[in-house]
Every structure is written in C-alpha cells, then in structure tokens.
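The values are calculated or read from the model by the stated rules, or taken from the named source; none is laboratory data. All values derive from a computational prediction rather than experimental measurement. Here Cβ is always computed from backbone atoms with ideal geometry, including for glycine, and neighbour counts include all displayed protein chains. Accessible surface areas use protein heavy atoms only, side chains included; no ligands, DNA or RNA. Shrake-Rupley method; radii C 1.70, N 1.55, O 1.52, S 1.80 Å.
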Amino acid sequence: MCKFDGVPFVFFLLLCLFPLKIFTQHIANPAFAPFQGEVFKIPARAKISGYHENIRNFEKAGKITLEKINVPEVNYKMPFPQLEFMHRFAIVFTSEMIVAEKAVYVFSLNSDDGSRFWIGNNEVINNDGTHQMRFKSDTVLLDKGTYPVKLWFFQGFPDRYGLEFNAVFYKKYNLAEEKEYALVSAVPKLVFNNTNLPFASNSFYLEKRGQAVIDSLAVQLNKVYVNQIIINGHTDNIGSDVYNRALSLRRAETIKRELKKRLKNKKIKFELNGFGESEPIEKNGTVEGRSKNRRVEIIIN
C-alpha cells in the first residue's frame, strides 16, 4: 500500500466523489454487495476509543442494510439511517467486493468518530479513535477477484457523526511499479454447509462424513504454504442469539482441533469466530434456507 501523505485533501475528495475519465481509463471501480451492518449499543460505563472484537459482547441493537455507505456529517440529534438512536453505538459492516481487473485502487474513509476498513484480513485504512470528521485514504494493488470486506464505525461522543466510504480505480497495473504497492490477492474461502460438513443437530460433534471432508482438506493444505486459517461458524435462527453464537464458535473450535491433528505445519495461526445467526446467506423461513445458513467458512491465508 502507498500512502498519500501531504497531498491536498480536496484532490482526493474530488477523486473519490467525481472520478474523472482520465483516471478510469475504462476500468470499472470496485463493486460492492449491500453492506450488512450489525449494530451494538455502547454502555454509558464503557470507555470505547476504537475497534475491538469484544464489541460483540455489548447489547445487540439490530441490523441495517445500506446499498452504499454515504452518511454526511450531521448533528447527532438526527438518527443514523435505519436506527432509532443517535449516539453511543457501533456498527460492524460486512460485504463482498468484486474487482474486475488487476489494477491500483484508491479507498477512502471520512468519519466522525472512528472507522476502519479491511479487505479480507488486510487492514487498508485505520481512521479510528474519537475525533471530528477526518479523512484518510490509501491505495492498494488488487488482483481480479471477489473479496470479503469489513468496515467498522462507532459514534461515541456528541454532538455530531458522519461516515463516508469510497473506492475508485486509480491506475492500471504496471509490472515495473508493483513493488510500490502491497498486492492483495483474493483470499480462498471454502464454504461448507450442513450437507458436506455435517454436525449432529444442536451439537458441535463432527460426524464421520465431516471427518472425511477434513481429511481431504488437510491433504491439500499440506501441499502448500499456509500462514493463517480463519474459521467462521454460522447457524440458522432456531434458538436464542446467545446460544447460537456459542454453538457456532464451538463448531469452529471443532474444525480447528480436527485440522491441527492432520496438518504438518504446527506454526499455522488460527482465528476463530462464532457469528451465530447474525450473517445468513438465505432466508431462515424455509428448511432449505436454514440448512444453507448452518455452515462453516474456512479462509486460507
């Protein structure tokens, strides 16, 4: 990644808001699926100055969906879009980004208070902390592909808030300049549902058919270099939110334990997440939809 320190803010604001034809050269800007936001209330006693994973332990305050993230700075007495409250809240947005061609792209965050943006496990922008509206941007060389992305935002103190995110094409890929940028490649994401990686109902015990799937996956992973494995557990909406989060995390722990038995490289780092019912990929109103939502995602780095 290449920072734009010292370059006038107005230039990048114009670049992000009004990408000119001279910059685009017919390469499309990154495209995003709707941003799914999980909202948490920040207790009055909590001292939040930035992002941390423990935010998921706070009171869950609902979900929102934004086609794009463009909330200009306003007085906090106006509720955040799709919310009924104005301050002391945090949102974790997730989405998928589609990049049509290998090239250099500019990403920007303008926020009051803090915000951060990740592509896969790579943090691209850290605009965190308690502050007035502040703009930060960075450039990334991206391969063609589909990427999971995450965006964090929190509003901690009155009397204003705002959140603006943008992603635009900057320039075409040039082999001679590749070392200027950190190349981010699409991260392999393997999604196993309850059919091909089955767990017993309401259990984190992996059935024999699932053991065979892990055997096959481990054989492939032992042939390549792996630095990190992220395991995300998901459930349908049957049961309480607390129960489903615990169950999904225990299933992720089971996959980790079974993989570690089979992997030759004992230095591989693992990250486990239990999302419960919070990130469905289908509607939970049907048996088929619930079955697809009961899944484990394994991301290989």
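Is the C-alpha gyration tensor of the range 61-200 telling us rounded, prolate or oblate? Criteria: a/c under 1.5 is rounded; beyond that, a/b larger than b/c is prolate, otherwise oblate.
Oblate.
Could you point to the label whose value was computed as Cα Rg over 2.2 N^0.38 Å for the structure here, given [x] 1.35; [y] 1.07; [z] 1.25?
Among [x] 1.35; [y] 1.07; [z] 1.25, the one derived from this structure is [y].
Sort the range 144-301 into rounded, prolate or oblate with this rule: let a ≥ b ≥ c be the square roots of the eigenvalues of the Cα gyration tensor; rounded if a/c is under 1.5, and if a/c is not under 1.5, prolate when a/b is larger than b/c, oblate otherwise.
Values: a/c = 2.08, a/b = 1.20, b/c = 1.73.
Since a/c reaches 1.5 but b/c is at least a/b, the shape of the range 144-301 is classed as oblate.
Considering only protein heavy atoms and a probe of 1.4 Å, how much of the accessible area of the chain is carbon and sulfur, as a whole percent? Write down the numbers at each step before the final one.
On the way: 8300 of 15400 Å².
Solvent-exposed carbon and sulfur of the chain make up 54 percent of the total.
For Glu277, what residues show an amide H to amide H distance below 5 Å, using hydrogens built from the backbone and excluding near sequence neighbours?
The list, which skips near neighbours in sequence, is Thr235, Arg245.
Hey, with R₀ at 25 Å, roughly what FRET efficiency would Ala33 and Ser240 work out to, going by the Cβ-Cβ distance, to 0.05?
FRET efficiency, Ala33 to Ser240: 0.35.
Place the peptides 29-36, 88-95 in order of packing, highest mean first, counting for every residue the other Cβ atoms within 10 Å and averaging per peptide.
88-95, 29-36
So what's the range 139-223 giving for Cα Rg divided by 2.2 N^0.38 Å, two decimals?
Rg over 2.2 N^0.38 Å, computed on Cα atoms: 1.77.
Using protein chains only and a probe of 1.4 angstrom, how many square angstrom of Arg290 are accessible, to the nearest 10?
Number for this one is 60 Å².
With a Förster radius of 22 Å, plug the Cβ-Cβ distance of Arg250 and Glu59 into 1/(1 + (r/R0)^6) and report the FRET value to the nearest 0.05.
It comes out at approximately 0.45.
How much area per residue is accessible in the chain when the probe is 1.4 Å and only protein heavy atoms are counted (Å²)? Can you show the working numbers first?
Numbers: 15400 Å² over 301 residues.
Here the per-residue accessible area is 51 Å².
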